[in-house]
1. Would you kindly find the accessible area of residue 12, with a 1.4 Å probe and non-protein molecules such as ligands, DNA and RNA excluded, rounding to the nearest 10 Å²?
2. Quick one: which residues, 5+ away or cross-chain, put their amide H under 5 Å from the amide H of residue 30? H built at 1.01 Å from N.
3. So how do 80, 74 rank on accessible area, 1.4 Å probe, biggest first, that is with the largest at the start?
4. In what sequence, largest accessible area first, do 5, 10 appear using a 1.4 Å probe?
5. So what does residue 85 come to for accessible area, using a 1.4 Å probe and Å² rounded to 10?
6. Quick check: at a probe of 1.4 Å, how many percent of the accessible area of the range 1-44 sits on carbon and sulfur atoms?
7. Could you give the nm distance between label points at residue 21 and residue 74, where each point is 7 Å from its Cα heading toward the beta carbon?
Amino acid sequence: NSICINQRDITERSQQVKTMDQIYKNAACVLMYLGKEDDETSKAYDCLETLVSAPGNLIDPDTTLHALIQRPWFGRAWTFQEAVLAKRSRV
């Protein structure tokens, strides 16, 4: 099963937001769409891989991650729930 919320339909979105924590907790896997790939996407993922694999090796995220975190997904109210509550997630 899957769920997709029309972000432009305020009525639908408002109804679904109330149950999102339970939806994410019960989901086998949550797919997170961050938007269309652009020139900065691969650089941002490379930066994230570096941070995850070598947390002591800090790099300047302002230049490589800025474009990624400016995407609309990061501005949504339930982004944290979506990423953290799921048993498994894929970006």
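1. 50 Å²
2. Amide H neighbours of residue 30, under 5 Å, 5+ apart: 88, 89, 90.
3. Solvent-accessible surface, decreasing: 80, 74.
4. 10, 5
5. Per-residue accessible area (residue 85): approximately 60 Å².
6. In the range 1-44, the share of accessible area belonging to carbon and sulfur is 48 percent.
7. Between residue 21 and residue 74, the simple spin-label model gives 2.5 nm.
The values are calculated or read from the model by the stated rules, or taken from the named source; none is laboratory data. In this text the structure is predicted, and so the values were computed from the model without any measurement. We place every Cβ from the backbone using ideal geometry, glycine too, and count neighbours over all the protein chains shown. For the accessible areas, the whole protein counts, side chains as well, though only heavy atoms, and no ligand, DNA or RNA atoms are used. Shrake-Rupley method; radii C 1.70, N 1.55, O 1.52, S 1.80 Å.
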